[in-house]
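See structure below.
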Amino acid sequence: MTMVYDENNIFAKILRGEIPCHKVYEDDKTLAFMDIMPVAKGHTLVIPKCQAVELSDLPCEFACAVFKTAQKVMTAQRVVLGVQGITQMQLNHSDAGQSVFHYHMHLVPTHLSNIAKHESKMGDQDELAKLAEQLRTAIAE
Ligand code: 5GP
């Protein structure tokens, strides 16, 4: 491990149900939910249900599970948002700009160069809730 895992990081709290999220998908090894400061409409995060700070800590079975969930989410993003471009992004270490120290994959609907980490303001909660619901439905279909 590159860094000691902090059980009180924000995504650990989301996994324990201590703080809410707009859930898109969940299975026994992963959770997908809306990024609270989306850089683009539909910006979604996928996290493993294990204690991994970053990629180098991630057991292969969880890496596989994260990618399987990401495939479901990106398919749903294309259906719901009518986009084809999806940027998969994942930062390792604060030197790379990582700000939450529980492994997470960003899936950002992308058109040309709208790539950035996140906005400085919160997204509209109603819109996030609606998008999460639409993506859940698309995954279930
Ligand atoms: P990083 O910069 O570590 O790659 O990405 C962290 C991401 O987590 C950012 O895009 C940020 O908007 C998102 N984020 C931070 N706190 C919360 C939160 O409490 N809930 C949700 N849903 N996303 C969060």
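Brief remarks follow.
- When peptides 88-100, 70-82, 31-43 are sorted by average Cβ neighbour count within 10 Å, with the highest value leading, the order is 31-43, 70-82, 88-100.
- Solvent-accessible area assigned to carbon and sulfur over the chain amounts to 54 percent, based on a 1.4 Å probe.
- Accessible area in square angstrom per residue, the stretch 10-140, 1.4 angstrom probe: 52
- Cα gyration tensor, the stretch 49-91 - rounded (a/c under 1.5), prolate or oblate: prolate
- In this calculation the C-beta distance from Gln84 to Gln125 is compared with R0 = 30 Å, giving a FRET efficiency of 0.65.
- Volume per residue of the convex hull around the Cα atoms, evaluated for the stretch 10-140, comes out as 103 Å³.
- Placing +1 on the Cβ of every Lys and Arg and -1 on the Cβ of every Asp and Glu, with no other charges, gives the stretch 10-140 a dipole of roughly 240 debye about its Cα centre.
- Under the simplified labelling scheme, the Ile19-Ile36 pair shows an inter-label distance of 0.4 nm, with each label point 7 Å from Cα along Cα→Cβ.
- If R0 is 41 Å, the Cβ-Cβ spacing of Glu141 and Ser99 corresponds to a FRET efficiency of close to 0.75.
The values are calculated or read from the model by the stated rules, or taken from the named source; none is laboratory data. What you are looking at is a predicted structure, and each value in this text was computed from that prediction instead of being measured. Backbone-built Cβ (ideal geometry, glycine too); neighbour counts: all protein chains shown. Only protein heavy atoms, including side chains, enter the accessible area calculation; ligands, DNA and RNA are left aside. Shrake-Rupley method; radii C 1.70, N 1.55, O 1.52, S 1.80 Å.
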